[in-house]
Every structure is written in structure tokens, then in C-alpha cells.
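Asks: One structure coming up, written as C-alpha cells, with questions to follow.
The values are calculated or read from the model by the stated rules, or taken from the named source; none is laboratory data. Everything numeric in this text was worked out from a predicted model, so none of it was measured. We place every Cβ from the backbone using ideal geometry, glycine too, and count neighbours over all the protein chains shown.
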Amino acid sequence: MKSPPKTFHVKSFGCQMNVYDGDRMAEIMAEQGLTATDDANAADLVVLNTCHIREKATEKVYSDIGRIRKEARSKHGTDPVIAVAGCVAQAEGAEIVRRAKVDVVVGPQAYHNLPDLVARAARGESALDTDMPVDLKFGHLPPRRRVSPSAFLTVQEGCDKFCTYCVVPYTRGAEVSRGWVQVVDEAKALVDAGAKEITLLGQNVNAWEDDGRGLHDLIAALADIAGLHRIRYTTSHPNDMAQGLIEAHRDIAKLMPFLHLPVQSGSDRILKAMNRSHTRDSYLRLLDRVRAVRPDIALSGDFIVGFPGETEADFADTLSLVDAVGHAQAFSFKYSPRPGTPAAGMADQVASEVMDERLQRLQAALNRDQAAFNAASVGRRCTILLERMGKLPGQFIGKSPWLQSVHVVGKAAIGDLVDVTIVAAGPNSVTGVMIEQGEGADEAFQRAKLDVAA
Ligand code: SF4
């Protein structure tokens, strides 16, 4: 038996949907009267909101549990209630309780039950919930009260695509869309709580639908919310990229010119083995259609190198696809077999050294394209949303419409939308000068250029 916790700490790993879930769990516990703490070792309740996408994710959770327990005991003499949430909780279930003696295990579709599970654990009862109820958790979550200028809003969960390397269909379940009214209400609440930008989230966000209406209809409705300035969405599947959504990039000014559209490989043979259900050519033609309506769109993608059976020729196809697209940014990973997925049992697993070498070449090409995209931005005027302070005095870091990090110095506040001219570019960010700086503008412009040159 443990005392009911008074303080809590939520640690989230992995994707933006986990960040959203972690925030919602924190809101649930705050609503119960618990106080948040940044120090995991001092918290009475520690929630590890886990990710199962990468290799060794499960082992990392077990070592985290051991470390947190040890440090809490040695530094504070406490034995915290430990709750494992997220996709590892869903995949491992009771095994985590058996192996690590944690107090609570809660899956991604059941975390609205966290207070009840914590209370059960405090009474010494079993506290495991990995159900995937038809009745979505969202209706049971507390209202949004305080959020950052750029907020996440989950509108869709789960996946029916069954890519052969991916655990999501097993850990997050089938594709489910939240209802129109619920999403619009939450968006309004986020704006009332301080959000200027909302990123709509889903494992296949562009598969969102409600009563015949698609994501573009939803975006159009959200664009009518006064006080909401920017809308983004991620992650999309190429096969769910409806014409209406493509045209929304032309017609809806608040929809930012950025599209994250994973492709994973440039080889049709590998795409087929991955069960991606699109081809290299259909992907490239889709991007042509997007660029036709929004020529300045920044494109982002995901890549996996070393999928089982990937030959040097297949990998060359990936490099040539990268050359053809010219991504503004991208994420690339070595293939890692996930237990229970079809690809994990495939023959011809690629040697780790081969994957390392291919990843290096791929990342060199992607970095080159990102740097080129940033360099091409110099001289552009745009509005950026200030999200946090930078390291230098008076410096802010904001996001451009194309999701570049923009460093800027000036009189402003976090959450402001400010007009800047981009004056210099680095590989991972750009530097801007506020247009409203009046007499000091030229001096600031020169100083910014010098800062970047240094
Ligand atoms: S589309 Fe494929 S990679 Fe994406 S979540 Fe679904 S199964 Fe996983």
C-alpha cells in the first residue's frame, strides 16, 4: 500500500500524439488536485508515457523505471507510484507489472481512467487497463485551460494500413475519427486558452472523416475561429490525400504551406514489401499536384533505410527520389524489427553496418536539401509565431509558415505573431529581423547577419 500521491511528473517519449496524450494526462491529474513537478525523482506519481516505434524501446522503459525508483529512494527517501502509459504499456500489458513491479499500466486509449487506476494502486489493487473502448477517451478528459501558442489537437487515432514494419495498428487500434463538434469545441477551447496555432494530429490525420466530411472541411471550419491564426496537420498517408485537402492549401490562408508526407522508400519493390499501397510514381505525382496549387509548399517526409531485402539498387532509388523532391526537412531511421510485425520475420534482414552507411548517405542528401531550402528563404518576408525564448538576451525562437525555426531579437512576447525578413540561413534554422523595428532595423539587420556569420 502506498499513500495517495500529491505530486506528479509526466515524461513523454516519441511522437507528437504522445506529447498531446502526456499533456492531457497532466491535465487530468491536475484536475484531481495533484501538483505537477519537473523533478521526476521528487514526484509521488511518475507517469512514463512510452513509445514503441524504435528498437529497444521496451528495454529502455525497464531501465528508466529502475533508475527513477533508485534515484527517488536515494535522493528523497520516497517510493513513487509508477505508471507506465503509451504504446509499450499497450504492447507489454501485465508483463510490465510482473517484470518491473510497476503500480499502474494504462494503454493509449484508456488513460482517462488514470485517477481511478492510481487510486486502485494506492489501495494495493491491480491497476491495469489496456482496453480499446469504442467510446473514445476524449469525452472524459477535462477542459483545456492553459496551452502554449502552438498547441496540438488529436483528431484521429489508429491505423488500418498495416505497413509490415509498424506496430501502430496493434498498439493504437483501428482508425477512429473524433466527431466534428467535439474537435471544433476543443479547438475553440485551445484558442481561449492561448493557442494561436493548432496542429491537428492523427496517425493518419488525413483519413479523418465525420458524416461524409473530410479533413479539408474541418480545416475550413476551424479557419473561421477568430483568434486562431494558423492550422497545420500531421501525419498524413499518401493514399488519403484527397483533392479537397490539396486545394485547401490554395484556398485557406490559415493553413500553413507545409506538408509532412512519409514515403519511407523510393523503391517500388520495397514499398510493396512494406505494404505501403502507393508507388514511387504515385507519390511523386501527388507532390506535383500539391505543388501545382501551392508552389511554395515545404515538403517533409519519413524514410526507413535497410528494410529487409533492400539492395543497393533499391537504396539508389530512394536517393533519386530524395533528389527529385527536394525536402525542406525529413526524418530518417534505420529499420528496426518490431516484435509481432510481419517484417520482423522476413528473410534478408540487412546488416547493421550496411544500414549505418546508407543512413549516412541518405542524411547527407536530406541535410543538403534542408540547407538549400533554408538558404532559398533568405530575403523572404513572412510572419512568425514566437514560441519560446532563445539563448541570447532578448532573443526569441519562432516558427515560419514553412516550419523553420527562426531566431529573432526584438521587443515582443511569446505568443506574438511578428513580421520578419529572413536575413540568414543555417542548416537547421534561419535568422530573421523584425520588420517593425523602425529606425533600428538596418542596424539589427546587419547585426543579425554578423551573428550568423560568426
Ligand atoms: S500508415 Fe503504416 S507506418 Fe503509418 S501508422 Fe499506419 S501502419 Fe504505421
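Asks: Restricting attention to segment 22-33, does a residue exist that is outside the structural domain of Ser236 (by TED's automatic domain parsing), basic (Lys, Arg) and assigned to a strand (DSSP E or B)? So that I can check it myself, show each step before the final result.
Replies: To start, the set of residues in segment 22-33 that are outside the structural domain of Ser236 (by TED's automatic domain parsing) comprises 22-33.
With basic (Lys, Arg) added as a condition, the list becomes 24.
Keeping just the survivors that are assigned to a strand (DSSP E or B) gives none.
Looking through segment 22-33, none of the residues is outside the structural domain of Ser236 (by TED's automatic domain parsing), basic (Lys, Arg) and assigned to a strand (DSSP E or B).
Asks: Something else now. For the condition over 23 Å from the mean Cα position of the chain (by Cα) and touching a residue at least 24 places away in the same chain (Cβ under 8 Å), what is the one hit in Ile270, Ile297?
Replies: Values: Ile297 fails: over 23 Å from the mean Cα position of the chain (by Cα).
Every option except Ile270 fails the conditions.
Asks: Step by step: first the residues of segment 198-212, then only those that are away from the ligand (no atom under 16 Å from the Cβ) and in a loop (DSSP other than H, G, I, E, B), then the one that is surrounded by the most Cβ atoms within 10 Å (Cβ to Cβ). Which residue is that?
Replies: Asp211
Asks: Next question. Of all strands (runs of 3 or more DSSP E) completely enclosed by segment 325-401, which ones contain at least 3 residues that are assigned by TED's automatic domain parsing to the domain that holds Phe307 and either crowded, with 16+ Cβ neighbours inside 10 Å or of a type outside the set (A, V, I, L, M, F, W, C) (or both)? Quick ask: steps written out before the conclusion?
Replies: Numbers: elements: 329-334, 381-389, 395-399.
Strands (runs of 3 or more DSSP E) meeting the threshold: 329-334.
Asks: Within segment 134-188, can you find the residues that are within 21 Å of Ala26 (Cα to Cα), in contact with a Phe, Trp or Tyr (Cβ under 6 Å, 6 or more places away or on another chain) and either in the same structural domain as Ile397 (by TED's automatic domain parsing) or of a type in the set (Ser, Thr, Tyr) (or both)?
Replies: Correct list: Thr154 only.
Asks: Here's something else I'd like to know. Restricting the search to segment 93-121, which residues are of a type in the set (D, E, K, R) and under 22 Å from Tyr170 (Cα atoms)? Before the answer, list the steps.
Replies: So in segment 93-121, the residues of a type in the set (D, E, K, R) come out as 95, 98-99, 101, 103, 116, 120.
Within segment 93-121, Glu95, Arg98, Arg99 meet the criteria.
Asks: Mind counting the residues in segment 224-238 that are assigned to a loop (DSSP other than H, G, I, E, B), over 16 Å from Glu186 (Cα atoms) and at pLDDT 95 or above?
Replies: So in segment 224-238, the residues assigned to a loop (DSSP other than H, G, I, E, B) come out as 224-229, 235-237.
Next, only the ones that are over 16 Å from Glu186 (Cα atoms) stay: 235-237.
Adding the requirement that they be at pLDDT 95 or above leaves 236-237.
Here the count works out to 2.
Asks: Also, quick follow-up: With modelled with pLDDT of 95 or more and either hydrophobic (A, V, I, L, M, F, W, C) or crowded, with 17+ Cβ neighbours inside 10 Å (or both) as the only criterion, which of Ala195, Ala174 stands out?
Replies: Values: Ala174 fails: modelled with pLDDT of 95 or more.
One residue alone meets the criteria, Ala195.
Conditions tested, residue by residue: (1) more than 15 Å from Val118 (Cβ to Cβ); (2) touching a Ser or Thr at 6+ places or on another chain (Cβ under 9 Å).
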position: Ser12; (1), (2): yes, yes
position: Ala26; (1), (2): no, no
position: Leu45; (1), (2): no, yes
position: Cys51; (1), (2): yes, yes
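Asks: I would also like to ask the following. Mind checking which residues of segment 247-265 are crowded, with 22+ Cβ neighbours inside 10 Å and away from the ligand (no atom under 16 Å from the Cβ)?
Replies: Ala248, Leu255, Met256, Phe258
Asks: Restricting attention to segment 208-221, report how many residues are in contact with a strand residue (DSSP E or B) (Cβ under 6 Å, 6 or more places away or on another chain) and within 19 Å of Gln16 (Cβ to Cβ).
Replies: So the count comes out to 2.
Asks: When both residues are 6+ apart or on different chains and their Cβ atoms are under 8 Å apart, which pairs have a first residue that lies in segment 162-173 and is over 17 Å from Pro262 (Cα atoms), and a second that is polar (S, T, N, Q) and within 6 Å of the ligand (Cβ to nearest atom)?
Replies: The qualifying pairs are Arg172/Gln203.
Asks: Now for a different question. Would you check if Val19 is β-branched (Val, Ile, Thr), without any contact (Cβ under 8 Å) to a residue 60 or more places away in the chain, outside the structural domain of Thr199 (by TED's automatic domain parsing) and within 22 Å of Glu157 (Cβ to Cβ)?
Replies: Details: β-branched (Val, Ile, Thr): yes; without any contact (Cβ under 8 Å) to a residue 60 or more places away in the chain: no; outside the structural domain of Thr199 (by TED's automatic domain parsing): yes; within 22 Å of Glu157 (Cβ to Cβ): yes.
So Val19 fails the test.
Asks: From Asp79, Asp103, grab the single residue that is crowded, with 16+ Cβ neighbours inside 10 Å, farther than 30 Å from Leu190 by Cβ and touching a residue at least 60 places away in the same chain (Cβ under 8 Å).
Replies: Values: Asp79 fails: crowded, with 16+ Cβ neighbours inside 10 Å.
The match here is Asp103.
Asks: State yes or no: is Ala226 on the phi < 0 side of the Ramachandran plot and either more than 16 Å from the ligand (Cβ to nearest atom) or not assigned by TED's automatic domain parsing to the domain that holds Ile297 (or both)? Show your work before the answer.
Replies: On the way: on the phi < 0 side of the Ramachandran plot: yes; either more than 16 Å from the ligand (Cβ to nearest atom) or not assigned by TED's automatic domain parsing to the domain that holds Ile297 (or both): yes.
So Ala226 fits the description; yes.
Asks: Further question: Within segment 132-139, does at least one residue satisfy the condition of being in contact (Cβ under 8 Å) with a residue 40 or more places away in the chain and in contact with a strand residue (DSSP E or B) (Cβ under 6 Å, 6 or more places away or on another chain)? Walk me through how you get there before you give the answer.
Replies: First, pick out the residues of segment 132-139 that are in contact (Cβ under 8 Å) with a residue 40 or more places away in the chain: 132, 136, 138-139.
Filter once more, keeping what is in contact with a strand residue (DSSP E or B) (Cβ under 6 Å, 6 or more places away or on another chain): none.
No, segment 132-139 has no match at all.
Asks: Which members of segment 145-173 meet the condition of being of a type in the set (D, E, K, R) and more than 15 Å from the ligand (Cβ to nearest atom)?
Replies: Arg145, Arg146
Asks: Kindly evaluate Val378 against the criterion of being farther than 17 Å from Ser300 by Cα, aliphatic (A, V, I, L, M) and touching a helix residue (DSSP H, G or I) at 6+ places or on another chain (Cβ under 7 Å). Even if it seems obvious, please write down each step before you answer.
Replies: Details: farther than 17 Å from Ser300 by Cα: yes; aliphatic (A, V, I, L, M): yes; touching a helix residue (DSSP H, G or I) at 6+ places or on another chain (Cβ under 7 Å): no.
When the stated conditions are applied, Val378 does not pass them.
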